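The values are calculated or read from the model by the stated rules, or taken from the named source; none is laboratory data. A quick note: this is a predicted structure, and the numbers were derived from the prediction, not measured. Because the Cβ atoms are built from the backbone with ideal geometry, glycine has one as well, and the counts that use them run over all protein chains shown. Just so you know, the surface numbers come from the protein's heavy atoms only, side chains and all, with ligands and any DNA or RNA stripped out. Shrake-Rupley method; radii C 1.70, N 1.55, O 1.52, S 1.80 Å.
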Amino acid sequence: MFCYQCQETAGCQGCTVSGVCGKSPEVANGQDLLIYVTKGLSEVTTALRKQGETVLPEVNSHITLNLFTTITNANFDNDVIYQRALDTLRIKDELLQKIENKEGLHEAAVWTASDRNEMERKAPAVGVLATENEDVRSLRELITYGLKGLSAYMKHANELGYDSDDINAFVQRALAATLNDSLGADELVALTLESGKFGVDGMALLDSANTGTYGNPELTRVNIGTGKNPGILISGHDLKDLELLLEQTKGTGVDVYTHSEMLPAHYYPAFKKYDNFVGNYGNAWWKQKEEFESFNGPVLMTTNCIVPPKDSYKSRVFTTGASGFPGCVHIEKAENGKKDFSQIIELAKTCEPPKQIEEGEIIGGFAHNQVLALADQVVDAVKTGAIKKFFVMAGCDGRQRSREYYTEFAQAIPADAVILTAGCAKYKYNKLNLGDINGIPRVLDAGQCNDSYSLAVIALKLKEVFGLEDINDLPIAFNIAWYEQKAVIVLLSLLYLGVKNIHLGPTLPAFLSPNVANVLVETFGIAGIGTVEDDIQLFMGE
Ligand code: FSO
Ligand code: SF4
């Protein structure tokens, strides 16, 4: 196996024996094969569009779900992965018949298999290292990982009835382009930036889906203690799954708690009507081994990030959507679009209530609508000098000790600076009680990683209010933490919006070759992180 798609990759180079995430070589090969056949299908659908044909929404959604399935920590179930690959080949073989001119199609578009054995034999030859030139490989992977992140956001939007043919067509065109040996570094760099444009569109679509369905996030105090009833813990990002779970647990005596990236669900008005939606339990994804244990009740993983569960609680872990783990019950969507969570609820009733591990509350809900409602206050604070700087510290949390940098950085920023955050990175500083500036909290949490879109909207609004030409003239610094591929599309989106001098940590991606890293440094001023002291000085000078 060879995988270097996430920040925790072995030795900052690549996982070759097994994944730091727990991915086995067999699953890594299965995912490589799934990506390969998905790229083949995408070349076929792209050719069909050129012929003027329409690609069905089911095919679009099959492609985005395939990509989502291979995101770090999403799905460890090789039976599911190979079945999806086989289904992909069936769809592709059928569509291939309609292609008028098959000459010049890549092998991925014409290759097929009839069973898992054949696919398993093929898999080792189609991974990341199949591209020999390290710069081309780096750009192809950068694009592919961005598209994985974008696909995850598209799937969430799809669940709420929102879709975009333009975005789907781009995802497929770009996937197909990563197979094209005639594209050199310049064309791939251009495609990388175009991915950022569609990243913005995808996040905007999901923002409309979420706010159109559940209302605009608003300032909310979220309880982090526990109640006396048994509970179900829901993690991941899918708000539709949460809605279905809340509907089904209503009046059952079972409480619902969020974990990690599901915390921002509390900020939406639509979920506030559920009395049994009592709070957030624990921290970011990587703490789940301890926190799922002490929670005592069932856990529903709606997306990434699964840490291979310990036997002591594995029977309480359920998956749905793109997520999966062998031996954990997977809840499928029925024909009518509903999911039946009754077995989770019945199990919860037999469990002890969660063990309390913290108490108090955290404040959030500062997505674009809420911040813009406070715009006068924020603008005044900037004009009077009460707020001197904004630090965008969006992104991810992770298990490496080096990430303590972000806690220390948050503590070290001057008292007249405000942190804008989104994603699970916030758990490094959202319980520090950093206070407020004239009533404006010093940590403004917009929501999930995709709500980084809100931070961009806020920055663009401030640019307009202050009559600036360039977003980089604002007193905003970007110190972003990344872990997996959704953070890649967020980064590409920020670059597309013209944001310069983003600092990315705790390490730069292993998949950036020295030359590709140089392009990012020279064109966009991307940099890594240093010591807290040096970085604070650097940022305050910028
Ligand atoms: Fe991932 Fe990062 Fe959103 Fe966290 S981008 S790691 S669990 O912020 O979540 O999906
Ligand atoms: Fe390694 Fe990350 Fe790939 Fe898992 S996803 S195998 S940890 S690089």
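Descriptive notes on the structure:
- From the list GLY279, GLY251, the one residue that fits, being open to solvent by 40 Å² or more (accessible area, probe 1.4 Å) and small (Gly, Ala, Ser), is GLY251.
- Within the stretch 446-479, the set of residues being within 20 Å of GLY202 (Cα to Cα) and not aliphatic (A, V, I, L, M) comprises GLY447, GLN448, CYS449, ASN450, ASP451, SER452, TYR453, SER454, LYS461.
- Failed item, numbered, when GLY337 is tested on (1) at pLDDT 95 or above; (2) open to solvent by less than 50 Å² (accessible area, probe 1.4 Å): (1)
- Test: residue in the stretch 279-287 that is under 24 Å from VAL307 (Cα atoms), within 16 Å of ligand 2 (Cβ to nearest atom) and polar (S, T, N, Q): no
- Number of the condition not met by THR70 [criteria: (1) open to solvent by less than 10 Å² (accessible area, probe 1.4 Å); (2) under 30 Å from VAL307 (Cβ atoms); (3) away from ligand 1 (no atom under 16 Å from the Cβ)]: (3)
- Of the criteria (1) within 16 Å of ligand 1 (Cβ to nearest atom); (2) under 29 Å from PRO514 (Cβ atoms), which one THR64 fails: (2)
- Where helices (runs of 4 or more DSSP H) fall wholly inside the stretch 50-148, the ranges with 2 or more residues that are of a type in the set (D, E, K, R) are 78-96, 116-122.
- Just one residue in the set VAL128, VAL136 is of a type in the set (A, V, I, L, M, F, W, C), within 16 Å of ligand 2 (Cβ to nearest atom) and in the same structural domain as ASN66 (by TED's automatic domain parsing); that residue is VAL128.
- Residues of the stretch 1-16 that are more than 7 Å from ligand 2 (Cβ to nearest atom) and of a type in the set (Gly, Ala, Ser): GLY11 alone.
- Only one entry of LYS228, LYS240 meets the criterion of being of a type outside the set (Gly, Ala, Ser) and surrounded by fewer than 17 Cβ atoms within 10 Å (Cβ to Cβ), and that entry is LYS228.
- Selection status of PRO308, under 21 Å from the mean Cα position of the chain (by Cα) and open to solvent by 20 Å² or more (accessible area, probe 1.4 Å): yes
- Condition check for ASN117: under 22 Å from PRO326 (Cα atoms) and either open to solvent by less than 20 Å² (accessible area, probe 1.4 Å) or in contact (Cβ under 8 Å) with a residue 60 or more places away in the chain (or both): no
- Unmet requirement for VAL20, which otherwise passes all of (1) buried (at least 20 other Cβ atoms within 10 Å of the Cβ); (2) of a type in the set (A, V, I, L, M); (3) within 16 Å of ligand 1 (Cβ to nearest atom): (1)
- Single residue of the stretch 254-276 satisfying the filter (crowded, with 21+ Cβ neighbours inside 10 Å and of a type in the set (A, V, I, L, M, F, W, C)) that is farthest from ASN73 (Cα to Cα): VAL254
- Some residue of the stretch 343-364 being of a type in the set (S, T, N, Q) and within 16 Å of ligand 1 (Cβ to nearest atom): no
- Criterion: outside the structural domain of PRO475 (by TED's automatic domain parsing), buried (at least 17 other Cβ atoms within 10 Å of the Cβ) and more than 23 Å from the chain's Cα centre (by Cα) - qualifying residue of ILE345, ILE362, ILE387: ILE345
- Lone qualifier among ASP163, ASP135, ASP201 - being surrounded by fewer than 22 Cβ atoms within 10 Å (Cβ to Cβ) and under 16 Å from the mean Cα position of the chain (by Cα): ASP201
- A count restricted to the stretch 515-542 and to residues that are touching a Gly at 6+ places or on another chain (Cβ under 7 Å) and either crowded, with 21+ Cβ neighbours inside 10 Å or of a type in the set (Val, Ile, Thr) (or both) stands at 1.
- Screening ALA157, ALA152, ALA209 for residues that are over 22 Å from VAL519 (Cα atoms), within 16 Å of ligand 2 (Cβ to nearest atom) and in contact with a Leu (Cβ under 9 Å, 6 or more places away or on another chain) leaves exactly one candidate, ALA152.
- Matching residues, the stretch 288-302, being touching a residue at least 60 places away in the same chain (Cβ under 8 Å), surrounded by fewer than 24 Cβ atoms within 10 Å (Cβ to Cβ) and under 22 Å from the mean Cα position of the chain (by Cα): GLU291
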